[in-house]
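Only one structure is covered here, and it is reproduced in the block below.
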Amino acid sequence: MRVVLGEDLTLLRDGLIRLLTAYGMEVVAAADSGPGLLHALLTQRPDVAVVDVRLPPTFTDEGLRAAIQARAQLPGLPVLVLSQHVEQLYAKELLAAGTGGLGYLLKDRVSDVRRFIEAVRTVAGGGTAMDPDVVSQLLARHDRDDRLSLLTGRLVVTEKAVSKHIGGIFTKLDLYPAEEGNRRVLAVLTYLNA
């Protein structure tokens, strides 16, 4: 299996090269910048790309951008993204980038060699390998958005409905229109004294 690696930290890059090689993979290129990664992906056309999200020159999202650009020119290019932290926007961008093998792992997962190698092979085979922390954060965000949209999207209360409910409350509290005083103030006082 031919691999292109995008990682700017020399020690981690060299360690990943040795690890991938030890498991029978051939690292055909190892880039340390976004432009270098894009060039390597397009010229080498690997079986899988293992890419750090943040690469030089700006250390923002060059690795991810290079992978997405390469996938636009090489549809279905398998990409396994490595990141220091869960970045929901990056995960969503990667997943929106089309079909083919995709993965998003936190860098600390590399220490579990068996799972890391399994993720590389899964992505190379056209599957998906998502870090459990990434999945849980994406689902938590999705659930929160769904609950909010349910509350704001389906809650329609007319003035007539509010008046009807207020009237029902007054009736339950035995506060009829003929009584002296403000019924709303009396309703609050009755509730507080109960």
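Just so it is clear, none of the values below were taken in a lab; they were calculated from the coordinates. All values reported here derive from a predicted model rather than from experimental measurement. Glycine also receives a Cβ, built like all others from the backbone with ideal geometry; neighbour counts cover every protein chain displayed.
Lys and Arg at +1, Asp and Glu at -1: add these up for the other residues within a Cβ distance under 10 Å of Val86 and post the number. Provide the component values of the computation, followed by the final result.
Working: positive: none; negative: Glu87, Asp131, Asp133.
Once all neighbours under 10 Å are counted, the net charge is -3.
Electrostatic tally near Ile17: other residues with Cβ closer than 14 Å to its Cβ, Lys and Arg +1, Asp and Glu -1, net -3. Does segment 20-77 come out rounded, prolate or oblate, given a ≥ b ≥ c as the square roots of the eigenvalues of its C-alpha gyration tensor, rounded meaning a/c under 1.5 and, failing that, prolate meaning a/b above b/c? Verdict is oblate for segment 20-77. Summarising the amide proton neighbourhood of Val51: residues at separation of 5 or more, or on other chains, whose placed amide H is nearer than 5 Å comprise Gly6, Leu80, Val81, Leu82. Volume per residue for segment 47-93 equals 71 cubic angstrom (convex hull of Cα atoms).
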